[in-house]
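Heads up: the structure comes next, in structure tokens.
The numbers here are math on the coordinates, done by the rules we state, and not lab data. None of the values given here were measured: they were computed from a predicted structure. Glycine gets a Cβ as well: all are built from the backbone with ideal geometry, and neighbour counts include every protein chain shown.
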Amino acid sequence: MKGRILISACLMGQPVRYDGRANDSKVAAFQQQILHWQQQQRLVIACPETLGGLPTPRPAAEIRDGRIISRDGDDFSRQFHLGAEKTLRLAQQHDVVVALLADRSPSCGANGIYDGSFSATLTTGMGVTAALLSQHGIRCFNPPQFDALQHWLQQHDTP
């Protein structure tokens, strides 16, 4: 059976990013494949940050010393962790096997995140949602890894 795919709501054109915009331009080159998955009813769409109770727009936040902090020093760790837990439950309810998540986000970054200095400096690590999903066996990819995601699906999907 072909597994379900969790996808960040912002990648599907929903304006849920911290700044009230969407991230669909990051997957524009792959739109045909994403629409195909949507037609197959394989997609589960979620925004961990809104699931955690954060408004849109909201202050930008980065992970610093294990906490999710805004530029002004507000601590949003509780909301980010709640959103990660709700996203995991949603993924488990829908038998999700893999995720395509927004890049560099303190929630969704699967292949590097900002370093907490608000200087656009990347560091190794994962956002809280990507880390939680990974810990529960759901493989996470970001848009620059789209080819690897497709390869992973070819290896793990059964007809």
**OP:** Considering only Ala130, Ala29, Ala102, give the residue with the highest GNM mean-square fluctuation for the chain, with springs between Cα atoms whenever their separation is below 10 Å.
**Re:** Ala29
Subject >> HN-Hα J in Hz across region 103-115 - Karplus 6.51, -1.76, 1.60, θ = phi - 60°, x for Gly and Pro >> reply: 6, 6, 6, x, 9, 9, x, 10, 9, x, 9, 5, 7
Original post:
Label point 7 Å out from Arg89 along Cα-to-Cβ: which residues of region 24-63 have amide N under 20 Å?
Top reply: 44-55
Original post:
Points 7 angstrom from Cα along the Cβ direction at Asp74 and His36: gap in nanometres?
Top reply: 4.2
Original post:
Under a no-solvent Debye model with one identical scatterer per Cα of the chain, what's log10 I(q)/I(0) at q = 0.15 Å⁻¹?
Top reply: -0.73
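Please get the size of the charge dipole for the chain, origin at its Cα centre, with Cβ charges of +1 on Lys and Arg and -1 on Asp and Glu, quoted in debye to the nearest 20.
Roughly 280 debye, rounded to the nearest 20.
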Original post:
Taking every eigenvalue of the Cα gyration tensor of region 2-41, multiplying by 5 and rooting it, what semi-axes result, largest first, whole Å?
Top reply: 20, 11, 7
Original post:
In region 3-159, what percentage of the DSSP-assigned beta bridges are antiparallel, given to the nearest 5?
Top reply: 35
Subject >> the chain, helix-only ellipticity at 222 nm - DSSP H runs n ≥ 4, -39,500 (n - 2.57), divided by all residues, nearest 500 >> reply: -9000 deg cm²/dmol
Original post:
Quick one: net charge of Asn111's neighbours, Cβ under 11 Å, K/R +1, D/E -1?
Top reply: 0
**OP:** Report ³J(HN,Hα) in whole Hz for each residue of region 79-96, in order, from the Karplus equation J = 6.51 cos²θ - 1.76 cosθ + 1.60 where θ = phi - 60°; Gly and Pro get x.
**Re:** 5, 5, 5, 4, x, 5, 5, 5, 5, 4, 4, 4, 4, 5, 4, 9, 6, 5
Original post:
If contacts are Cα pairs under 8 angstrom and at least 6 residues apart, what is the relative contact order of the chain in percent?
Top reply: 24
Original post:
In what sequence, highest mean first, do 117-125, 41-49 appear when ranked by Cβ atoms within 10 angstrom?
Top reply: 41-49, 117-125
Subject >> P(r) tail fraction, region 70-159 - alpha-carbon pairs more than 19 Å apart, % >> reply: 43
